[in-house]
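Student: Please see the structure below; I have some questions.
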Amino acid sequence: MAKGPVVAIDGPAGAGKSTVARAVAQRLGCMYLDSGAMYRAIALAALRSGVVLDDAAELERLAAGADVTLREGQGGGSRVLLGGEDVTEAVRSPQVEEAVPRVSGVPGVRAVLIAAQRRLAEAGGVVMDGRDIGRVVLPQADCKVYLTADLEVRVRRRYLQLRERGRDADLEEVGRELARRDRWDRDQMVQAPDATEIDTTHLGVEQTVERILALCPGGARRAGN
Ligand code: DC
C-alpha cells in the first residue's frame, strides 16, 4: 500500500502553523502531529516533579524516562499523552507557557523528542508542525513549508486565540511574551534550505492551505475542495 505524504510545517509562534497544518492534514487524509506539544508535555512533567528548570542534566533524564506521545484526536486535532494521561489542555497553562522555552533549549531533551517524532512519522501520512521539522526531524519530508508573518499580526492572532480559549489576555503582554519566545526559539528556527516560505501576514487560512496543497504530492488534486 502506498504511504501517505510526509509534510513538514515550521515557523515562529503565531504564524498560524497549527490551524493550517490541521487543515492540510484533513485535506490530504493525513494525521496532524503537533511537535510543540511534546516539549510542552516535558515542561509539564518538570513542573509537576519540581525539577529545577536550569538543571539541563536533570531535564534530560526526565525526558529520557518520560513516556510522551501524540495521537489523533476527534476532528483531526493532535492530542498529547504523558504516561498515558491526555494532557492536551494542561500543556496550554500559563505556567507551562513560561517554562517550555527553557526545556526546549536543552539539547538532550531535543534529542529524545526528535527520535520520538521520527518514529511517529515513520509510517508516512503525517503533517507535523514545529520549529525544526523540515531541517532536523524529517529532512526527507515530501513537502516542506516555512510559515512566517509580521510580529504585529502574530501577536494579534495569538491574542485572539487566547481569548477564544477563555483566557484574560492583554495585547501588550502577549506582544512581550511572543518577542521573548522568538528570542528563546531563535536557535531552533533555522529554515530548511529546501522549504518554501509562505508569508501569511496578508493571507487567510484557506489561501495558505491551498498554497501548501499545491506544493504537496497529490495535494493539487485536493486543492479547491
Ligand atoms: O509551538 P508551541 O508553542 O507549542 O511550541 C512550544 C515550545 O516548544 C516553544 O518554545 C518552541 C518549542 N518547539 C521546538 O523547539 N521545536 C519544535 N519542533 C516544536 C516546538
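Each reported figure results from applying straightforward, stated rules to the coordinates on display, with no laboratory input. Bear in mind that the values here come from a model prediction, so they are computed numbers and not experimental data. Neighbour counts are summed over all protein chains in view; Cβ atoms, including those assigned to glycine, are modelled from backbone coordinates with ideal geometry.
Student: For the chain, what relative contact order do you get, as a whole percent, if you take Cα pairs closer than 8 Å and at least 6 residues apart?
Tutor: Computed over the chain, the figure is 33 percent.
Student: Now for a separate question. For a protection proxy built on the mean count of beta-carbon atoms within 10 angstrom, sort 207-213, 47-53 highest first, please.
Tutor: For the peptides 207-213, 47-53, the packing ranking is 207-213, 47-53.
Student: Once label points are set 7 Å from the Cα along Cα→Cβ at both ALA214 and ARG176, what is their separation, rounded to one decimal in nm?
Tutor: Simple spin-label model gives 4.2 nm for this pair.
Student: Which residues in the range 176-192 place their backbone N less than 18 Å from a point set 7 Å from the Cα of GLU152 along the Cα-to-Cβ direction?
Tutor: 176-179
Student: Which order results if LEU203, LEU82 are arranged by neighbouring Cβ count within 10 Å, fewest first? Walk me through the intermediate numbers first.
Tutor: Numbers: LEU203 17, LEU82 22.
Ascending Cβ contact count within 10 Å gives the list LEU203, LEU82.
Student: Taking N as the number of residues in the range 1-116, what is its alpha-carbon radius of gyration divided by 2.2 N^0.38 Å?
Tutor: Numbers: Rg = 14.6 Å, N = 116, 2.2 N^0.38 = 13.4 Å.
So the range 1-116 has a normalised radius of gyration of 1.09.
Student: Continuing with this model, one more query. Stokes-Einstein at 20 °C, 1.002 mPa s, Kirkwood radius from Cα pairs: D for the chain in µm² s⁻¹?
Tutor: 121
Student: Oh, and also: When the helices in the chain are scored as -39500 (n - 2.57) per DSSP H run of 4 or longer and the sum is shared across all residues, what 222 nm value do you end up with, to the nearest 500 deg cm²/dmol?
Tutor: The helix-only estimate for the chain comes to -14500 deg cm²/dmol at 222 nm.
Student: Can you give the convex hull volume per residue for the Cα atoms of the range 69-161, as a whole number of Å³?
Tutor: So the per-residue hull volume is 143 Å³.
Student: Please flag any cysteine in the chain that has no other cysteine's Cβ under 4.7 angstrom from its own Cβ.
Tutor: Here CYS30 come out as lacking a disulfide-compatible partner, given the Cβ-Cβ threshold of under 4.7 Å.
Student: Note down the relative contact order for the range 41-90 as a percent, whole number, built from C-alpha pairs under 8 angstrom at least six residues apart.
Tutor: Taking the mean separation of contacting Cα pairs over the length of the range 41-90, I get 30 percent.
Student: Right, here's the next one. Fewest Cβ neighbours within 10 Å first, please rank SER35, SER93 accordingly.
Tutor: Least to most surrounded, the residues fall as SER93, SER35.
Student: Taking the Cα centre of the range 26-135 as the origin and placing charges on Cβ (Lys, Arg +1; Asp, Glu -1), which of VAL87, ILE114, LEU44 is farthest toward the positive end of the dipole?
Tutor: Projecting each Cα onto the dipole axis, the largest value belongs to ILE114.
Student: Find the centroid of the Cα atoms in the range 57-127 and in the range 171-221, then give the distance between the two in whole Å.
Tutor: Value for the Cα centre distance between the two parts: 20 Å.
Student: OK, next. Evaluated at 37 °C with a viscosity of 0.692 mPa s, what Stokes-Einstein diffusion coefficient in µm²/s does the range 127-225 have when Rh comes from the Kirkwood expression over alpha-carbon pairs? Don't skip to the answer; put the middle values down first.
Tutor: Details: Rh = 15.1 Å.
The Stokes-Einstein estimate is 217 µm²/s.
Student: Taking other Cβ within 10 Å of each residue's Cβ, how do MET38, MET31, MET189 sort, fewest first?
Tutor: MET189, MET31, MET38
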